[in-house]
Amino acid sequence: YNTIMKKILIIALFLVIPVFAFSAEFHAGEQYSLLESERLEGDAYTVAGKIVTSGRITEDLTAVGGDIVVAGAVGSDSNIAGGQIHVAGTTGDDLRALGGTILVAGAVGGDIVAVGGQTHIISGARVGGDVFIASGDIAIEGEVFGTMKLVGGRVFLNSAVHGDVKIVAEDVILGESV
């Protein structure tokens with residue numbers, strides 16, 4: 001069953017990759033690590049149970065796994081689906097995340113689109129663009145330079161937001177920094 005799923009995911013990745021993508025690396029397995037001293041030129045497509053990227057990816061990161069930690073730099077977009085997602089590094093452009101728990105602690109140059117059970121942008125994180133989050137539990141404590149649209153059961157907002165904010169939630173809590 002596990003081998004069949006890996007083959008299906010690899011075939012799916014090939015179907016969505018443009019033909020002109022010359023510099024891309026593909027990884028599949030139980031675990032994948034990009035060490036802090038390593039640099040991956042081009043796009044990275046990774047499917048693994050546990051993924052840790054501490055080095056630099058010069059273009060896009062597409063990662064599907066159980067536990068995903070992005071501690072290094074991603075030059076362009078980060079597209080991530082997993083159970084536990086922790087983005088502590090820098091994403092040059094947009095971050096798209098689908099997961100059970102999503103934690104953003106680093107800098108995102110563009111937009112964030114996140115769908116999850118729990119989503120938290122912690123204090124010290126910076127988002128250069130807009131934020132759209134649909135999540136059961138949302139906490140925004142990092143600085144957002146664009147607009148925000150938050151849809152959730154519980155929303156905690158304790159952050160400087162430089163654009164408009166729209167919240168649809170059962171419970172909204174505003175902190176002192178709003």
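Figures for the structure shown
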item	result
Translational D in µm²/s for the range 54-178 (Stokes-Einstein at 20 °C, 1.002 mPa s, Kirkwood Rh from C-alpha pairs)	154 µm²/s
Helical mean residue ellipticity (222 nm; -39500 (n - 2.57) per DSSP H run of 4+; nearest 500) of the chain	-3000 deg cm²/dmol
Taking the chain and dividing mean pair separation by its residue count, relative contact order in percent (alpha carbons under 8 Å, at least six apart)	10 percent
Using θ = phi - 60° and Karplus 6.51 cos²θ - 1.76 cosθ + 1.60, couplings along the range 94-99 (whole Hz; Gly, Pro as x)	8, 10, 10, 9, 10, x
Heavy-atom surface of the range 32-178, accessible at 1.4 Å and reported per residue (Å²)	42 Å²
Interchain or long-range residues, amide H under 5 Å from Glu25's placed H	Asp43, Ala44, Tyr45
Mean projected area (nm²) of the alpha-carbon convex hull when the range 102-157 is viewed from all directions	2.9 nm²
Rounded D (µm²/s) - the range 128-178, Kirkwood Rh over Cα pairs, Stokes-Einstein at 20 °C, 1.002 mPa s	202 µm²/s
Per-residue ³J(HN,Hα) for the range 35-51, Karplus 6.51 cos²θ - 1.76 cosθ + 1.60, θ = phi - 60°, Hz, x for Gly and Pro	5, 4, 7, 9, 10, 9, 7, x, 8, 10, 10, 9, 10, 6, x, 10, 10
Glu41-Arg154 pseudo-label distance in nm [points 7 Å out on the Cα-to-Cβ vector]	4.9 nm
Check: the chain dipole with +1 on Lys, Arg Cβ and -1 on Asp, Glu Cβ, in debye	360 debye
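The values are calculated or read from the model by the stated rules, or taken from the named source; none is laboratory data. Since the structure is predicted, the reported quantities are computational estimates derived from the model, not experimental observations. Note: ideal-geometry Cβ built from the backbone for every residue, glycine included; neighbour counts use all protein chains shown. For accessibility, only protein heavy atoms count, side chains too; no ligands or nucleic acids. Shrake-Rupley method; radii C 1.70, N 1.55, O 1.52, S 1.80 Å.
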